[in-house]
Amino acid sequence: MLDSLHPSILDHFARIEDPRQNAKVLYPSAEILLLALAATVAGADDFVETTLWGEKNLPFLRRFLAYANGIPSHDTLCDVFAAIDPELFKTCFLAWVDDLRDPSVPELIAIDSLPLRRR
């Protein structure tokens, strides 16, 4: 079971530096990462679907971060992810997934904090 001792999803990705120039950033990297991760878990397969998911679920996302400028375009998502070090992203992602594991059942991952049960 997940508890307050577990880092948040964005804590796992804090090592990823924003590759953009600060003065030109309308969408903070934390907002982009949360959007991409949440949309992917919800079934989005590409940046167009991620943007559409974000637009439909903006109130949900705003429970966690401001999204003051709304949802970035699919082009912005593509540009940001193209500039991120893929190996570092992979390392951060695997650390997040590993933190979701129940140590007593290492092959089980509970994305929504509810483990799947075999019947």
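The numbers here are math on the coordinates, done by the rules we state, and not lab data. If you're wondering where the values come from, they're calculated on a predicted model, not measured in any experiment. Because the Cβ atoms are built from the backbone with ideal geometry, glycine has one as well, and the counts that use them run over all protein chains shown.
Below 8 Å, C-alpha to C-alpha, sequence gap of six or more: please give me the relative contact order for region 27-109 in percent.
Relative contact order comes out at 24 percent.
For region 30-43, just list the computed ³J(HN,Hα) in residue order, Karplus coefficients 6.51, -1.76 and 1.60, θ = phi - 60°, integers in Hz, with x standing in for Gly and Pro.
So the J values, rounded to whole Hz, are 4, 5, 5, 5, 4, 4, 5, 5, 5, 5, 5, 4, 7, x.
Stretched out fully, how many nm does the piece from Ser8 to Leu26 gain, at 0.36 nm a residue minus the Cα gap?
This chain segment gains 4.2 nm when fully extended.
Based on the Cβ-Cβ distance of Phe81 and Arg15, what FRET efficiency does E = 1/(1 + (r/R0)^6) give at R0 = 22 Å, to the nearest 0.05? All intermediate terms of the calculation are to be shown ahead of the outcome.
Working: r = 16 Å, r/R0 = 0.71.
Efficiency, rounded to the nearest 0.05: 0.90.
Considering only Leu65, Leu52, Ala42, whose Cα is most displaced toward the positive end of the charge dipole of region 27-109, charges sitting on Cβ of Lys, Arg (+1) and Asp, Glu (-1)?
Leu65
Starting from the exponent 0.38 and prefactor 2.2 Å, build the expected Rg for region 27-109 from its residue count and divide its actual Cα Rg by it.
Dividing the Cα radius of gyration by 2.2 N^0.38 Å gives 1.18.
Less than 14 Å Cβ to Cβ from Leu52, Lys/Arg counted +1 and Asp/Glu -1: what total charge do the surrounding residues give?
Result for the local shell: -4.
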